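Asker: My questions all concern the structure below.
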Amino acid sequence: NQHIARIYGTLESMKDNWLFPNVIPTFSNGYGYSWNLFYGPLSVYGTLLIYFFVRNYIVAYKIFAFICMLLSGITMCKFVKTISGNRDVGILGSILYMTFPYHLTDIYTRNALGEYVSFVFIPLVFLGLYELLFTKENKYHLAIGASCLILTHNLSTAIVALFSLIFVLVNWKKLIDKEVLK
């Protein structure tokens, strides 16, 4: 109910000429509620985009959850395939990633919209770090993954930043290369 109300309130705020509303002015008896300050906006706008086609908040929410599950599998497959060099290992990694109990619990039990959307971008962050340190290819996966993660879920961003720092510190010798630093 929480996320459906947030999606509804965001659309109502947009109708009142608020393009990117952080505060939903019609909530809380007209005092407004700053729901969109607590959660990243990307999940709401993705669901709203689907809503414009299906005209049902709950159906749009479910379709968006399915799309996020599919995209999380695709990004994880790309990440694992790049590291292993094996397509079958990439597919296996993506299946495991999509069926981890925490991932499924986020979707089917907790309905943690921001968290399961963030599962799409976490592999992109680590793919970008891997490419930066080991392949010297700059495909902008790190920039896309990190910026979308920031716009999705704050806590996931903090956790991924910590693990990214650990990954970089473990591979500190790679930072000597001037191309990597640039």
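Asker: Which cross-chain or sequence-distant (5 or more) residues have an amide H under 5 Å from the amide H of Tyr33, H modelled 1.01 Å from N in plane?
Answerer: Ile24, Phe27
Asker: While we're looking at this one, here's another question. What ³J(HN,Hα) values, in whole Hz, does the Karplus curve 6.51 cos²θ - 1.76 cosθ + 1.60 give for segment 131-146 when θ = phi - 60°, with x put for Gly and Pro?
Answerer: Computed from phi, the couplings for segment 131-146 are 4, 5, 8, 10, 10, 6, 9, 10, 9, 6, 5, 5, 5, 5, x, 5 Hz.
Asker: Can you list the equivalent-ellipsoid semi-axes of segment 46-116, largest first and in whole Å, using the square root of 5 times each Cα gyration tensor eigenvalue?
Answerer: 27, 14, 8
Asker: For Lys81, which aspartates and glutamates qualify as cross-link partners when the Cα separation must be under 18 Å and same-chain residues fewer than eight apart are set aside?
Answerer: Glu131, Glu137
Asker: Roughly to the nearest percent, how much of the accessible area of the chain is carbon and sulfur, given a 1.4 Å probe? Could the numbers behind the result be given before it?
Answerer: On the way: 7310 of 10780 Å².
The computed percentage sits at 68.
Asker: Along each of the three principal axes of the Cα atoms of segment 9-89, give the extent in whole Å, ordering the values from largest to smallest.
Answerer: The Cα atoms of segment 9-89 stretch 56, 26, 18 Å along their principal axes.
Asker: With the Cα gyration tensor of segment 89-182 in hand, convert its eigenvalues to equivalent ellipsoid semi-axes via √(5λ) and list them largest first in whole Å.
Answerer: Working: eigenvalues 145, 42, 26 Å².
Calculated on Cα positions only, the semi-axes equal 27, 14, 11 Å.
Asker: Right, next: Tell me the per residue accessible area of the chain using a 1.4 Å probe; a whole number in Å² is fine.
Answerer: Using a 1.4 Å probe on heavy atoms only, each residue of the chain averages 59 Å².
Asker: What is the angle, in °, between the Cα long axis of helix 154-170 and the longest principal axis of the Cα atoms in the chain? Nearest 10 is fine, range 0 to 90.
Answerer: The answer is roughly 10 degrees.
Asker: Over the Cα atoms of the chain, how large are the radius of gyration and the largest Cα-Cα distance (Dmax), in Å?
Answerer: Over the chain's Cα set, Rg and Dmax evaluate to 18.4, 58 Å.
Asker: Residue by residue, what Karplus-based ³J(HN,Hα) values in Hz, rounded to whole numbers, does segment 28-44 have, using 6.51, -1.76 and 1.60 with θ = phi - 60° and x for Gly and Pro?
Answerer: Per-residue couplings from phi come out as 6, 6, x, 7, x, 9, 8, 4, 6, 7, 7, 10, x, x, 4, 5, 5 Hz.
Asker: Of Leu175, Leu133, which has the most accessible area with a 1.4 Å probe, and how do the rest follow in descending order?
Answerer: Accessible-area ranking of Leu175, Leu133, largest first: Leu175, Leu133.
Asker: So, one more: Could you work out how far helix 2-15 tilts from the main Cα principal axis of the chain, as a 0 to 90 degree angle to the nearest 10?
Answerer: 70
Asker: Continuing with this model, one more query. Roughly what angle does helix 87-99 make with the longest principal axis of the chain, taking Cα atoms, 0 to 90 degrees, to the nearest 10?
Answerer: It is inclined by approximately 40 degrees.
The values are calculated or read from the model by the stated rules, or taken from the named source; none is laboratory data. Computed from a predicted model, the values in this text were never measured in an experiment. Areas reflect the complete protein model, heavy atoms only, side chains present, ligands, DNA and RNA absent. Shrake-Rupley method; radii C 1.70, N 1.55, O 1.52, S 1.80 Å.
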